[in-house]
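Student: Handing you a structure now.
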Amino acid sequence: MNTAPLVHRHRTAMVRHTLSQPMSLAVRHGLVKEGITVFDYGCGQGDDLRALTAAGVEARGWDPHFAPHEQVVEAEIVNLGFVLNVIENTAERQAALERAWSISQKALIVSVMIVGAVPLDGLRPFGDGYLTSRGTFQKYYQHAEIRAVLARAVGVEPVALAPGIFVAFRAPEDEQEFLLERRRGRRSSTSGYATGRSRKAVIARPELHERIQAALAAMAEFALRRGRLPHAEEMPSSVHDVLARERVSFARAVDTCVASTLDCDAFEQAGRDSREDLLVHHALGALNRTKSAARPSPSMVRDIRTHFGSQQQLAEEALEYLHALADPTRTVAAMRECADKGLGALDEDQRLLINAERLEQLSGQLRCYAGCAIHLSGEVDDGHIVRLEPMRKRLTIFRLTNQKDAFPAITSSVAVDLRRQDVSLRNEDRVLVRKSVVFGMSARSKQRKLELEKAKELGICSERAIIRRS
Ligand SMILES: C[S@@+](CC[C@H](N)C(=O)[O-])C[C@H]1O[C@@H](n2cnc3c(N)ncnc32)[C@H](O)[C@@H]1O
């Protein structure tokens, strides 16, 4: 008989000597303070509640195992801390989220374990998560996944506080106020919040984040480069030396990095960038049939797991990317967006001219388009400008004789025909008349003025950036 394993959810509740990370962030950002009511939904052993109450905050909580007889009541701030990830039943997860939101008058803070925080080796897959050797269940969310789950359940876009930790506000004014304060860098101290659990007396010494600052900086640098938290083996020995000297575990250092060092907005952006880089890389690999694309490094495997969940999901999304390339209207729409951001000049024939050095700043779809062509033509070095011509399925690379000239001359070009998979060289006799736009110079630059005068002199009011020499 196939019986479902018994999951001991309460075993996930730990003894806390300090505030939990979401509660600590709520205090630091001024969401939780004296005079504000708090409800901890799924409060575990209640250490957060004890610390808040001792600090003068009116805090109550409920937990199906540790505090089943407490009443579930409304409060300004409701915390659903690391609860969703221990529930193996998806309908029950949803019910817990909805109930927590229903009792929150001002804001709901939701935190979950995220992919990458702990190694998954040796865990037994179960449902959409894993069973641990202690008989507990853990689902590891992707940061973007829990954001979407929360947004769908509460009907507002949540704000990220840290990886896997979000706050959803009921009133847009409260959210704006919070964002402004955060931007101003205002932070409250959590030092008055003790859980009351006895601990050996500690001699006053620098705080943990000060003692392991060098290690935290390296971890944050990695996190902002790859859009995910590092694994122990991805950090250099200098980081491990610092941690060993200070007797700090790697997992604790990662937690400290998230709470004290990592800029959450920048981390989210890094996640999005990293995701797009992987898509472009994979799409180009599939298109050019590079064998190495099928053999990602261990770090890339972690990137893929974090940003896509699986290799299969990445492959499907990359395929969708390639389909989009076959549709010129989608490519043109992407080009218009890039041109509006000041990335190159779009002309009336729906062609985008851009400095080759700025190709990497294009959106993923356009990087794919350019990547396909450049795979055929070979690398493009500095001193070139590139024209994307999706309506004709072409890309042309122009060589500038002297980039420093106000109107650089073009004497040769390489045209890549994506339909015929062919490359042809041509002699040209043209000039670049809109260098300021192609190179993204300021609208008030001297160059822009020169170009306007030149256009008047030539009697041209066209959008063309390159014209034939008469
Ligand atoms: C990992 S602990 C987190 C406890 C506490 N929030 C903290 O951060 O220390 C997860 C808690 O969720 C509780 N729990 C399990 N199912 C729940 C449900 N359906 N609704 C609310 N809490 C639940 C468990 O009893 C457990 O105490």
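The values are calculated or read from the model by the stated rules, or taken from the named source; none is laboratory data. Owing to the predicted nature of the structure, the values given are computational and were not obtained by experimental measurement. Cβ placement follows ideal geometry from the backbone for every residue including glycine, while neighbour counts extend to all protein chains displayed. The area values use the complete protein model at the heavy-atom level, side chains included, leaving out ligands, DNA and RNA. Shrake-Rupley method; radii C 1.70, N 1.55, O 1.52, S 1.80 Å.
Student: Please arrange S133, S310 by accessible surface area, largest first, computed with a 1.4 Å probe and ligands excluded.
Tutor: On the way: S133 125, S310 45 Å².
The most accessible residue leads, giving S133, S310.
Student: Put one equal scatterer on each alpha carbon of the range 9-183, apply the Debye formula with no solvent term, and list log10 I(q)/I(0) at q = 0.11, 0.12, 0.14, 0.17 1/Å to two decimals.
Tutor: Ignoring solvent entirely, the Cα scatterers give -0.43, -0.52, -0.71, -1.07.
Student: May I have the extent of the alpha carbons of the range 361-431 along their three principal axes, as whole Å values ordered from largest to smallest?
Tutor: 32, 26, 22
Student: Report F407's accessible area, 1.4 Å probe, all protein chains in place, as a number in Å² to the nearest 10.
Tutor: 50 Å²
Student: Moving on to the next point. Would you work out what percent of the accessible area of the chain, with all protein chains in place, is carbon or sulfur (probe 1.4 Å)?
Tutor: Numbers: 12120 of 24470 Å².
Answer for the chain: carbon and sulfur cover 50 percent of the accessible area.
Student: Under unit Cβ charges (Lys, Arg +1; Asp, Glu -1), what dipole magnitude, rounded to 20 debye, does the range 9-183 have relative to its Cα centre?
Tutor: On the way: 18 positive and 21 negative charges, 97 e Å.
Charge dipole of the range 9-183: 460 debye, to the nearest 20.
Student: Can you work out the Karplus-derived ³J(HN,Hα) for every residue in the range 390-400? Use 6.51 cos²θ - 1.76 cosθ + 1.60 with θ = phi - 60°, whole Hz, and x for glycine or proline.
Tutor: Values per residue, Gly and Pro as x: x, 5, 9, 6, 10, 9, 10, 10, 9, 9, 8 Hz.
Student: OK, next. Can you tell me the relative contact order of the chain? Whole percent, Cα pairs under 8 Å, sequence separation 6 or more. Numbers along the way, then the final one.
Tutor: Working: 769 pairs, mean separation 45.1, N = 470.
Computed value for the chain: 10 percent relative contact order.
Student: Follow-up. Tell me the net charge near N79. Cut-off is 10 Å between Cβ atoms, N79 excluded, with +1 for each Lys or Arg and -1 for each Asp or Glu.
Tutor: Values: positive: none; negative: D40, D48.
Within the 10 Å Cβ shell, the charges total -2.
Student: Another question, if that's okay. If you keep only loop residues by DSSP, which GluC sites (Glu not before Pro) in the range 30-106 have at most 15 other Cβ atoms within 10 Å of their Cβ? If you can, show how the numbers build up before the last one.
Tutor: Working: sites: E34, E58, E70, E74, E76, E88, E92, E98; in loops: E34, E70, E74, E88.
Of the GluC sites (Glu not before Pro), the ones in loops of the range 30-106 whose Cβ has at most 15 other Cβ atoms within 10 Å are E34, E74.
Student: Could you work out the pair-distance distribution P(r) of the range 328-468 from its alpha-carbon pairs, with 5 angstrom bin width and percents rounded to whole numbers?
Tutor: Going from the shortest bin to the longest, the percentages are 2, 10, 21, 24, 22, 13, 6, 2, 0.
Student: Can you tell me the length gained on complete extension of the stretch S299 to V423, counting 0.36 nm per residue apart and subtracting the Cα distance?
Tutor: Details: separation 124, 0.36 × 124 = 44.64 nm, distance 3.57 nm.
Here the segment from S299 to V423 would lengthen by 41.1 nm.
Student: Something else now. What does DSSP give for the chain in terms of the percent of beta bridges that are antiparallel, rounded to the nearest 5? Don't jump to the answer; show the numbers that get you there.
Tutor: Numbers: 44 of 59 bridges.
Around 75 percent antiparallel, to the nearest 5.
Student: Rank K341, K33 by accessible area, highest first, at a 1.4 Å probe radius? Numbers along the way, then the final one.
Tutor: Details: K341 150, K33 100 Å².
Putting K341, K33 in descending order of accessible area: K341, K33.
Student: Cα-based count: Lys pairs in the chain below 23 Å, eight or more positions apart or different chains?
Tutor: Final tally of qualifying lysine pairs is 15.
Student: Kindly list the residues of the range 76-102 that lie in the label zone of Q313, defined by a backbone N under 19 Å from the point 7 Å along the Cα-to-C-beta vector.
Tutor: 84-91, 93-94, by backbone N distance to the label point.
Student: What translational diffusion coefficient, to the nearest whole µm²/s, does the range 1-56 have by Stokes-Einstein, given a Kirkwood radius computed over alpha-carbon pairs, a temperature of 37 °C and 0.692 mPa s viscosity? Could the numbers behind the result be given before it?
Tutor: On the way: Rh = 13.1 Å.
Here the translational diffusion coefficient equals 251 µm²/s.
Student: Write down the radius of gyration of the range 208-262 and its Dmax, each obtained from C-alpha positions, in Å.
Tutor: Rg then Dmax for the range 208-262, in Å: 9.7, 28.
Student: Same structure, new question: Dipole magnitude of the chain about its Cα centre, charges +1 at Lys/Arg Cβ and -1 at Asp/Glu Cβ only, in debye to the nearest 20?
Tutor: Working: 66 positive and 60 negative charges, 182 e Å.
So the dipole magnitude of the chain works out to roughly 880 debye.
Student: For the residue pair V72 and E457, what label-to-label distance in nm results when each label sits 7 Å from Cα along the Cα-to-beta-carbon direction?
Tutor: Calculated label separation equals 7.6 nm.
Student: Considering every Cα-Cα pair within the range 266-325, what fraction, in whole percent, is farther apart than 20 Å?
Tutor: Values: 341 of 1770 pairs.
Cα-Cα pairs in the range 266-325 separated by more than 20 Å: 19 percent.
Student: Separate question: Once you wrap a convex hull around the alpha carbon atoms of the range 79-172, what is its projected area averaged over all directions, in nm²?
Tutor: On the way: hull surface 23.6 nm².
If you wrap the Cα atoms of the range 79-172 in a convex hull and average its projections, you get 5.9 nm².
Student: Can you give me the distance in nm between label points at L123 and R225, each placed 7 Å from the Cα along the Cα-to-Cβ direction?
Tutor: Each label point is offset 7 Å from its Cα along the Cβ direction, giving 2.6 nm.
Student: Further question: Whole number in Å², please: accessible area per residue of the range 9-183, 1.4 Å probe, ligands, DNA and RNA not counted. Kindly include the intermediate steps, with their values, before the conclusion.
Tutor: On the way: 7580 Å² over 175 residues.
Value for the range 9-183: 43 Å² per residue.
Student: Let me ask something else about it. Students sometimes get this wrong: rank D349, D241 by accessible area, probe 1.4 Å, all chains present, largest first. Walk me through the numbers on the way to the answer.
Tutor: Numbers: D349 70, D241 95 Å².
Of D349, D241, the descending order of accessible area is D241, D349.
Student: Let me ask something additional. Which semi-axes, in whole Å and largest first, does the equivalent ellipsoid of the chain have when worked out from the alpha carbon gyration tensor as the square roots of 5 times its eigenvalues? Don't skip to the end; give the middle numbers.
Tutor: Numbers: eigenvalues 537, 128, 95 Å².
The answer is 52, 25, 22 Å, longest axis first.
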